[in-house]
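Structure record follows, encoded as C-alpha cells.
The values are calculated or read from the model by the stated rules, or taken from the named source; none is laboratory data. Note that the coordinates shown come from a computational prediction; the quantities given were computed from them, not determined experimentally. Ideal geometry is used to build each Cβ from the backbone, glycine not excepted, and the neighbour counts take in all protein chains shown. All accessible areas refer to the heavy atoms of the entire protein, side chains included, with ligands and DNA or RNA removed. Shrake-Rupley method; radii C 1.70, N 1.55, O 1.52, S 1.80 Å.
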Amino acid sequence: QVQLVESGGGLVQPGGSLRLSCAASGSIFSSYTIGTMGWYRQAPGKQRELVATITTGGSTKSADSVKGRFTISRDKNTVYLQMNSLEPEDAAVYYCNVNVPYSPAAGFDYWGQGTQVTVSS
C-alpha cells in the first residue's frame, strides 16, 4: 500500500505564506524508487492544474503563475511547497503527486488526499 499524507494547508491573508508537506510511505518503496514528485491544485469550477514538479535529480518546473513566489523541494520521500506572497487566485485544494516508474516505459501516479489553501482577508 502507498500512502501520501499531506499537511500544511490553512487560511492566510493575501501576502501571507504557507508551507505544504507531503510524505510518501509504503512497503513498495523497498523495491521501487520514487520518481518525479509534484503539486497540483484545483479551485472550485476549474480544472486541476500543475503547480510545480521536481525530479529525483532536483530539476524543477513550475507554472508561470507561481514563479518567483512558490518553491518546490524534496527530502527523501517528502516533497514540500513553500508558498510566499499568496494571492486570492492561489486558493484551491492542493494535491501531492508521486510518480513511481515501475518500468522504463510506464509508471504509476499516486495522489494525496488534498489539503485546502484559503487566501482571504
Can you give me the % of accessible surface on the chain that is carbon or sulfur? Probe 1.4 Å, all protein chains present, nothing else counted. 46
Using the heavy atoms of the protein chains and a 1.4 angstrom probe, tell me the accessible area per residue for the chain in square angstrom. 54
Between Glu89 and Arg19, what is the label-point separation in nm under the 7 Å Cα-to-beta-carbon projection? 2.7
Selection of trypsin sites (Lys or Arg not before Pro), the stretch 41-121, meeting DSSP coil and at most 11 other Cβ within 10 Å: Lys46, Lys67, Lys76
Between the stretch 71-121 and the stretch 1-48, how many Å separate their Cα centres? 4
